[in-house]
1. Between helix 2-33 and the chain, what is the angle of the helix's C-alpha long axis to the longest principal axis, kept within 0 to 90° and rounded to the nearest 10?
2. Want the number for Ala102 to Leu87: 0.36 nm per residue separation, take away the alpha-carbon distance, what's left?
3. Can you tell me the 0 to 90 degree angle between the C-alpha axis of helix 37-68 and the longest principal axis of the chain, rounded to 10?
4. For Leu15 and Lys52, compute 0.36 nm times the residue count separating them, minus their Cα-Cα distance, and round to one decimal in nm.
5. Report which label in [x] 17.1; [y] 19.7; [z] 18.5 holds the value of Kirkwood radius over Cα pairs in Å derived from the coordinates of this structure.
6. Which is farthest toward the positive dipole end of the chain among Phe109, Leu28, Gly46, measuring Cα position about the Cα centre, with Cβ charges +1 (Lys, Arg) and -1 (Asp, Glu)?
7. Using a basic spin-label model with each label point 7 Å from the Cα along Cα→Cβ, how many nm lie between Ala110 and Ala59?
8. Per DSSP helix of 4 or more residues, -39500 (n - 2.57); summed, then divided by the residues of the chain. What does that give at 222 nm, rounded to the nearest 500?
Amino acid sequence: MLYELALFFHIVGVLVMFAGITIETLALIELGRTQSLEQARLWLRGARVAGKLFPVATALIFFAGAYMAFTVWHEAAWIDMGLLTLLALAIAGPRLNGKRFARAAKTAFAITSGAITPELRQQLDDPILRASIGMMAFAALGVIFLMVVKPDWTGSLATMGVALALGWLTAALTRPRPVLTHAPVAPAEEVHAR
């Protein structure tokens, strides 16, 4: 009965973590698209909420997972790799994502006019933030794969290598496009032809 309860809390922790990842990912996508300062502020508030979910998720995953590992699974490569990845996410998330979202929020809430400044646009389109969120999302998926397949060290390392590469590749392929702040101007030939 205790194992099943631990498994339940472990899964709840995973769900909370993916809720946070989803909110951060949506915030990042919408922040890259928006031209509205109010919309940017709204999504930055959402990112702040996501940041508060991760410590709860980490605690649930860690303590429930530790109980299951010590009582049933004992030592296994996939458990060690999952634990290392969880610790890396818990350390890197606030330092990479949290600080960058907080800096962008501070800039956004300091602006008095209704327009996004070039400084804020640069913070919203931060390539390190984009890569970090992509790699962390795929790393979390990689840990799910480890829990299902339960590979040895070679398989665990390969899984996390592929997960991180996919996260980086996704971030690289989904860079924000430049946002037009004015209507496109017709080429000179077209203007004179009218």
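The values are calculated or read from the model by the stated rules, or taken from the named source; none is laboratory data. Only a predicted model underlies this, so the values are computations on that prediction, with no experimental measurement involved. Methodologically, a virtual Cβ is constructed for each residue, glycine included, from the backbone with ideal geometry; neighbour enumeration extends over all protein chains shown. Side chains are part of the model used for accessible areas, which takes the heavy atoms of the whole protein and leaves out ligands, DNA and RNA. Shrake-Rupley method; radii C 1.70, N 1.55, O 1.52, S 1.80 Å.
1. Taking Cα atoms only, the helix is inclined about 10 degrees.
2. Values: separation 15, 0.36 × 15 = 5.40 nm, distance 2.16 nm.
Extending this stretch completely gives an extra 3.2 nm.
3. 10
4. Value of the extension gain: 11.9 nm.
5. [z]
6. It is Phe109, whose Cα lies furthest towards the positive end.
7. Computed distance between label sites Ala110 and Ala59 equals 3.2 nm.
8. On the way: 8 runs with 149 residues, N = 194.
Rounded to the nearest 500, it is -26000 deg cm²/dmol.
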